[in-house]
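The values are calculated or read from the model by the stated rules, or taken from the named source; none is laboratory data. Small disclaimer: the values here were computed from a predicted structure and weren't measured. Note that we place each Cβ from the backbone using ideal geometry, even for glycine, and neighbour counts take in every protein chain shown.
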Amino acid sequence: MSAAGAYDSAPRTSEQNKPLAIVCGGGAFPTAVVEAVLKQGRGVHLFLLRGFADPALERYPHDWVKLGSFAQFVSVTRKRDIREVVFIGSVLRPRFSQIGFDWRSLLLVPRLTGLFLGGDNQLLSGLTKILSEHGYVLRGAHEVAPEILIPEGLATNAAPDESARADITFGVDLLKTIDRFDIGQAAVIAGRRVLAVEGPEGTALMLQRIADMRRNGRLRLKEREGVLVKMPKPSQERRIDLPAIGSDTLDQVKAAGLAGIAIEALGTIVTDAQQFVQVAEAAGLFVIALPPAKRDPA
């Protein structure tokens, strides 16, 4: 049985009979999650983040909110008896002064100031704790819409050669090692050499750097050499920040001259896995989903 089938056949809890709050950033993933939840017969109420969310999401029950609109969020969810919350979509980390605090979020300023001094995982884990203290249950997008996860195995007919497999192993070890610094979910490896590690610029701009270095001669590689390795950090708060890939990622990998992509099975989200694989095949790229990493109990 698929992950989605297992979820659908499980008895519904009292909370699952209530609407689900979905806080939406940018990109196509919010729509995929909303549609998956609705197909399960559950209602939704969206909180569309100004400056990030797609206005097309207005076709669902919604409120537009600013990043600091915690009072509005609490008021709406309590009125609708909503306790389960999902975060999905891209959001650029704002400067502290850009948040636009309301009276509830102002009360949290001392704690938020400390959270902003660390990396993304520290910030997101801190926000998760704040939600819990206010009576909310945070669900991962993959929990409410398991069909957006890629299963384990080789997704494409094209497969990594021996050199690419060595690069994948090297990349996985690298990402595990730098976890304690709370940076990046991705790296580009070629010939067991680190060509790039993802920083605040994100995966797309990291891959653009590789393409630029190829063009200007800073990187001298074969036409199809190197691997994008992208997966959750071991300590990552998976309910709020799983890595995501899409057809645009494939375009960027191809433009960077790489051979393929390695991700973690059940740890990477994609809007339409079948279409994603078809696009990868057409581009001549391999996509391999590695076995899920073992994680220490929380």
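Take GLY199 and tell me if it is free of Cβ contacts under 8 Å to residues at least 40 places away in the same chain and loosely packed, with under 13 Cβ neighbours inside 10 Å.
Answer is yes for this residue.
Considering only residues that are within 19 Å of the chain's Cα centre (by Cα) and assigned to a strand (DSSP E or B), which ones fall in the stretch 148-181?
Answer for the stretch 148-181, where residues must be within 19 Å of the chain's Cα centre (by Cα) and assigned to a strand (DSSP E or B): just LEU149.
Looking at the stretch 254-283, I want the residues that are within 13 Å of ALA159 (Cα to Cα) and have a partner that is aromatic (Phe, Trp, Tyr) and surrounded by 17 or more Cβ atoms within 10 Å (Cβ to Cβ) with Cβ atoms under 7 Å, at least 6 apart or on another chain. Which pairs are those?
From the stretch 254-283, the pairs are ALA259/PHE286; GLY260/PHE286.
Taking into account only those residues within the stretch 49-71 that are touching an Asp or Glu at 6+ places or on another chain (Cβ under 7 Å) and not in a loop (DSSP other than H, G, I, E, B), which is surrounded by the fewest Cβ atoms within 10 Å (Cβ to Cβ)?
My answer is ALA71.
For the stretch 220-252, which positions are β-branched (Val, Ile, Thr) and closer than 10 Å to VAL188 by Cα?
VAL227, VAL229
Any chance the stretch 215-229 includes a residue that's surrounded by fewer than 20 Cβ atoms within 10 Å (Cβ to Cβ), over 16 Å from PRO160 (Cβ atoms) and in contact with a helix residue (DSSP H, G or I) (Cβ under 6 Å, 6 or more places away or on another chain)?
No, the stretch 215-229 has no match at all.
If I ask for residues that are under 16 Å from GLY226 (Cβ atoms) and either without any contact (Cβ under 8 Å) to a residue 60 or more places away in the chain or surrounded by fewer than 15 Cβ atoms within 10 Å (Cβ to Cβ) (or both), which ones from the stretch 174-189 would you list?
Result: LEU174, LEU175, ALA186, ALA187, ILE189.
When you scan the stretch 259-269, do you find a residue that is among the polar types (S, T, N, Q), modelled with pLDDT under 90 and touching a Pro at 6+ places or on another chain (Cβ under 6 Å), even just one?
Yes - at least one qualifying residue is present in the stretch 259-269.
Of all the strands (runs of 3 or more DSSP E) wholly in the stretch 193-298, which have at least 3 residues that are closer than 26 Å to VAL33 by Cα?
227-230, 260-264, 286-290
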